[in-house]
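J.: The structure's right below; bear with me while I get my questions together.
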């Protein structure tokens, strides 16, 4: 089991560029999540999904989009990158009340 | 709305000393509570969780936490710190919006010195 994998590990974007952060899990979990982590702020939920084809907004969804076409994959899309989106992004999957986290993507927008 | 407050953004202890990381929560429904650990440049790893069974919960690496409803607290302890415990620790409560959404505290960075 690879668990939750995320690509890329690091990325630098220019303002206005777009990109997709990839997330894949091999644990057959229904629930998947995207969080961002800013220094001193803990993790904030961006979007979540309760199954293929079903997504919903979390606490800080502005500037992001998601899709869930399969159980395994939950990509996060940034359409017009802004400096405020500089952060570390974590994907997680889970069932019941436990979440398993990926290693994160460190994104810098300049 | 639910929330989590972690008292102390930085805690420093000597190797072998007691570790106490504080977490208080607010919730309008019976909460599920979690402690996660994050080592440098890694994702979060579950240490332990409280899901309305025993109020004293034992986790990995010798950590434990006690749920105290009257104090709305879920403090994390370890009797004897080890150098390898140096990391950032996050307390979280499951969201009352369902779907297992977690509300995280701001985190406490634990330093262990010889």
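Please treat every number below as a calculation from the coordinates, not as lab data. Worth saying up front: this structure is predicted, and the values here are computed from it rather than measured. Cβ coordinates were reconstructed from backbone atoms using ideal geometry, including for glycine residues, and neighbour counts include every protein chain displayed.
J.: Once you place label points 7 Å from the Cα toward the Cβ at residue B:15 and residue B:58, how far apart are they in nm?
T.: 2.6
J.: Between A:37, A:17, A:99, where does the largest GNM mean-square fluctuation fall for chain A, given springs only between Cα atoms within less than 10 Å?
T.: Residue with maximal mean-square fluctuation among A:37, A:17, A:99: A:17.
J.: In addition: Please order A:100, B:74 by the number of other Cβ within 10 Å, starting at the fewest.
T.: A:100, B:74
J.: What is the percent of Cα-Cα separations in segment B:24-69 that go past 15 Å?
T.: 47
J.: Stick to the Cα atoms of chain B, pair each with every other, and give me the Kirkwood hydrodynamic radius in Å at one decimal.
T.: Taking the inverse mean of 1/r over all distinct Cα pairs, chain B comes out at 14.1 Å.
J.: Place a point 7 Å from Cα of residue A:86 in the direction of its Cβ. Which residues in segment A:1-16 have their backbone N less than 15 Å from it?
T.: What the label zone holds, given the 15 Å backbone N cut-off, is A:11-16.
J.: Based on the Cβ-Cβ distance from residue B:70 to residue B:1, what FRET efficiency comes out when R0 is 25 Å, to the nearest 0.05? Display every interim value, and only then the final one.
T.: Values: r = 21 Å, r/R0 = 0.85.
Once the sixth-power term is evaluated, E becomes 0.75.
J.: Regarding the protein assembly as shown, what's the average projected area of the Cα-atom convex hull, expressed in nm²?
T.: Projected area, direction-averaged: 12.2 nm².
J.: If you don't mind, there's one more thing I want to ask. For chain B, modelled as a GNM with alpha-carbon contacts under 10 angstrom, which of B:37, B:13, B:29 fluctuates the most?
T.: B:29
J.: Would you order B:104, A:10 from fewest to most other beta-carbon atoms within 10 Å of each residue's own beta-carbon?
T.: By the 10 Å Cβ count, ascending: A:10, B:104.
J.: Once the Cα gyration tensor of chain A is diagonalised, what are the square roots of 5 times its eigenvalues, in whole Å and ordered largest first, as equivalent ellipsoid semi-axes?
T.: Semi-axis lengths for chain A are 22, 14, 13 Å.
J.: Okay, moving on. Take chain B, connect every pair of alpha-carbon atoms lying under 10 Å apart with a spring to form a Gaussian network, then pick out the residue of B:62, B:43, B:16 with the largest mean-square fluctuation.
T.: Checking each option, the largest mean-square fluctuation is seen for B:43.
J.: So how much slack lies between residue A:67 and residue A:7, counting 0.36 nm per residue of separation and subtracting their Cα-Cα distance, in nm?
T.: 20.0 nm
J.: Further, regarding this structure: Using Cβ counts within 10 Å as a stand-in for footprinting exposure, how do A:56, B:85 rank, fewest first?
T.: Result, fewest neighbours first: A:56, B:85.
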